[in-house]
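In what follows, a structure is listed as structure tokens, so that the remarks can point back to it.
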Amino acid sequence: MHIDLDYFFAQCEERRNPALKSKPLVVCVYSGRTPDSGAVSTTNYLARRLGVKSGIPILTAKKILKDADAVFLPVDHDYYGQVSRNVMEIVRSYGDAFQRGGIDEAFIEVGHRVRGEFDRARELALEIKGVVREKEGLSSSIGVAPNKLVAKIASDFQKPDGLTVVRPDEVERFLAPLPVGRLIGVGRKTEDRLGEEGIKTIGDLAEFDVERLCHIFGKNLGRYFHDAARGIDDEPLEEAEERDQISRIATLKENTRDPSKIVPILEGLAKEVAMKAEKEGLSFRSVSIIGILEDLSIHTRSRTVAAYTRDPGVVKGISTELLQILLDGTDLSIRRVGVRVSSFQKATGQKALSDFLG
Ligand code: TTP
Ligand code: MG
């Protein structure tokens with residue numbers, strides 16, 4: 001599976017301020033030279049429909065949207081990074097293997113747990129989309145396919161909120177009508193060069209003489225294009241860097257400031273996080289709580305302890321103290337709470353059972 005969040009930066013902004021949903025929204029990277037210089041990072045789908053896309057100058061976007069009651073916001077990488085980590089944590093939990101792509105996309109290997117059945121994979125994909133929506137309030141698109149190459153193209157096929165399943169016997173038919181630019185590795189220049197050879201679609205590329213492709217692009221790339229156009233790809237997932245945090249978050253039954261209502265939830269989350277760390281053989285030194293308040297603002301309080309630990313009691317104790325500190329800093333009620341542990345040390349001294357088995 002390949003999962004890609006829809007209009008990610010813009011959707012994050014809508015999430016913390018739902019009033020933005022009804023307006024064209026443009027997230028911008030301001031260069032600072034003049035007040036409006038810089039480029040569009042991404043936009044919501046309302047703005048896209050009016051013709052504003054990633055990469056165009058902010059000034060151009062402003063011209064296009066001048067009568068559209070549009071909203072322009074600067075990028076907030078810290079916030080998107082935090083949302084991304086939460087989503088990736090969920091997605092990772094569904095895969096036998098996990099490979100992160102960009103900030104809003106990842107591959108997971110699910111063949112094992114769906115016993116090779118694409119119908120089950122579709123159900124699983126629906127579940128993942130549902131959980132990401134419920135827990136993180138974000139819509140996503142998923143592609144299910146026999147390999148990474150096709151899964152990535154499939155996730156992009158019906159955006160937003162899409163789900164496209166391509167079975168092994170459908171791969172060539174699925175790819176054939178798509179523009180060659182959809183293939184990983186075919187950028188604008190390559191697309192132009194292929195166009196000169198009369199190759200517009202992936203199907204055209206699949207039928208094109210492989211010798212001639214190798215002559216134009218060199219042997220490796222020529223072969224790659226030839227295979228890719230047929231949907232042939234056997235790249236395994238590359239398990240990415242080690243995780244840097246574990247977190248769990250929950251929505252309270254009702255917004256409240258009453259510790260007796262919040263603490264039991266917090267303790268449950270603390271236990272889950274500690275168990276997860278235990279399972280992964282990780283010890284940590286930092287414990288944080290995350291409070292999402294009734295106005296959807298996000299507040300974090302952290303504490304670092306002297307010695308690495310993975311004791312659920314420590315996580316519970318610190319979270320409860322941090323909750324009080326967080327409550328003291330605001331008059332608002334809490335809507336969602338989370339617990340996070342970070343600053344890991346890979347546990348040594350203890351070996352996993354698998355270390356002893358051949
Ligand atoms: P994408 O997944 O390519 O785009 P998207 O999530 O905004 O839209 P969708 O997936 O629904 O088509 O990129 C993820 C984020 O990366 C995007 O939200 C903002 C950032 N980005 C840029 O800053 N500049 C760019 O040119 C692109 C393409 C993305
Ligand atoms: Mg995206």
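When the residues of the range 64-90 are narrowed to those that are within 16 Å of ligand 2 (Cβ to nearest atom) and in contact with a Ser or Thr (Cβ under 9 Å, 6 or more places away or on another chain), which ends up farthest from Val144 (Cα to Cα)?
Filtering the range 64-90 for residues that are within 16 Å of ligand 2 (Cβ to nearest atom) and in contact with a Ser or Thr (Cβ under 9 Å, 6 or more places away or on another chain), the one farthest from Val144 (Cα to Cα) comes out as Val75.
Matching residues to (1) within 14 Å of ligand 1 (Cβ to nearest atom); (2) among the aliphatic types (A, V, I, L, M):
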{"position": "Phe9", "(1), (2)": "yes, no"}
{"position": "Asp36", "(1), (2)": "no, no"}
{"position": "Arg48", "(1), (2)": "yes, no"}
{"position": "Ile58", "(1), (2)": "yes, yes"}
{"position": "Phe98", "(1), (2)": "no, no"}
{"position": "Ile103", "(1), (2)": "yes, yes"}
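Got at least one residue in the range 177-190 being in a helix (DSSP H, G or I), within 16 Å of ligand 2 (Cβ to nearest atom) and surrounded by 15 or more Cβ atoms within 10 Å (Cβ to Cβ)? Give the derivation first.
Initially, the range 177-190 is screened for residues in a helix (DSSP H, G or I), giving 180-182, 188-190.
Now drop any that are not within 16 Å of ligand 2 (Cβ to nearest atom), which leaves 182.
Subsequent filtering for residues that are surrounded by 15 or more Cβ atoms within 10 Å (Cβ to Cβ) retains 182.
Yes: one or more hits.
Looking only at the range 46-64, decide whether some residue is under 17 Å from the mean Cα position of the chain (by Cα) and outside any strand (DSSP E or B). Don't jump to the end; show me each part of the working.
Just the residues of the range 46-64 that are under 17 Å from the mean Cα position of the chain (by Cα), to begin with: none.
No.
To keep it simple, each residue is scored yes or no on (1) in contact (Cβ under 8 Å) with a residue 40 or more places away in the chain; (2) open to solvent by 70 Å² or more (accessible area, probe 1.4 Å); (3) within 27 Å of Asp328 (Cα to Cα).
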{"position": "Gln245", "(1), (2), (3)": "yes, no, yes"}
{"position": "Thr256", "(1), (2), (3)": "yes, no, yes"}
{"position": "Ser260", "(1), (2), (3)": "no, yes, yes"}
{"position": "Ala277", "(1), (2), (3)": "yes, no, no"}
{"position": "Ser297", "(1), (2), (3)": "yes, no, yes"}
{"position": "Ala306", "(1), (2), (3)": "no, yes, yes"}
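Listed here are the residues, each with its yes/no results for (1) on the phi > 0 side of the Ramachandran plot; (2) open to solvent by 50 Å² or more (accessible area, probe 1.4 Å).
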site	(1), (2)
Gly51	yes, no
Ile56	no, no
Lys63	no, yes
Asp67	no, yes
Asp76	no, no
Tyr79	no, no
Val83	no, no
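Here is a yes/no grid of residues against (1) in contact (Cβ under 8 Å) with a residue 60 or more places away in the chain; (2) crowded, with 21+ Cβ neighbours inside 10 Å:
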{"position": "Asn17", "(1), (2)": "yes, no"}
{"position": "Val26", "(1), (2)": "no, yes"}
{"position": "Tyr30", "(1), (2)": "no, no"}
{"position": "Ala39", "(1), (2)": "no, no"}
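Taking the range 147-164 only, how many residues are more than 14 Å from ligand 1 (Cβ to nearest atom) and among the β-branched types (Val, Ile, Thr)?
Within the range 147-164, residues that are more than 14 Å from ligand 1 (Cβ to nearest atom) and among the β-branched types (Val, Ile, Thr) number 1.
Filter the range 11-34 down to residues that are more than 8 Å from ligand 1 (Cβ to nearest atom) and at pLDDT below 95, then give me how many there are.
Going through the range 11-34 one residue at a time, the tally reaches 5.
Are there any pairs, at least 6 apart or on different chains, whose C-beta atoms fall under 9 Å, with the first in the range 196-215 and under 13 Å from Gly181 (Cα atoms) and at pLDDT 95 or above and the second among the hydroxyl-bearing types (Ser, Thr, Tyr) and open to solvent by less than 40 Å² (accessible area, probe 1.4 Å), and if so, which?
none
Looking at (1) more than 28 Å from Gly38 (Cα to Cα); (2) under 9 Å from the mean Cα position of the chain (by Cα); (3) in contact (Cβ under 8 Å) with a residue 24 or more places away in the chain, which is the one condition that is false for Met88?
Against the list (1) more than 28 Å from Gly38 (Cα to Cα); (2) under 9 Å from the mean Cα position of the chain (by Cα); (3) in contact (Cβ under 8 Å) with a residue 24 or more places away in the chain, Met88 comes up short only on (3).
The values are calculated or read from the model by the stated rules, or taken from the named source; none is laboratory data. Small disclaimer: the values here were computed from a predicted structure and weren't measured. Because the Cβ atoms are built from the backbone with ideal geometry, glycine has one as well, and the counts that use them run over all protein chains shown. What goes into the accessible areas is simple: the full protein's heavy atoms, side chains included, and nothing from ligands, DNA or RNA. Shrake-Rupley method; radii C 1.70, N 1.55, O 1.52, S 1.80 Å.
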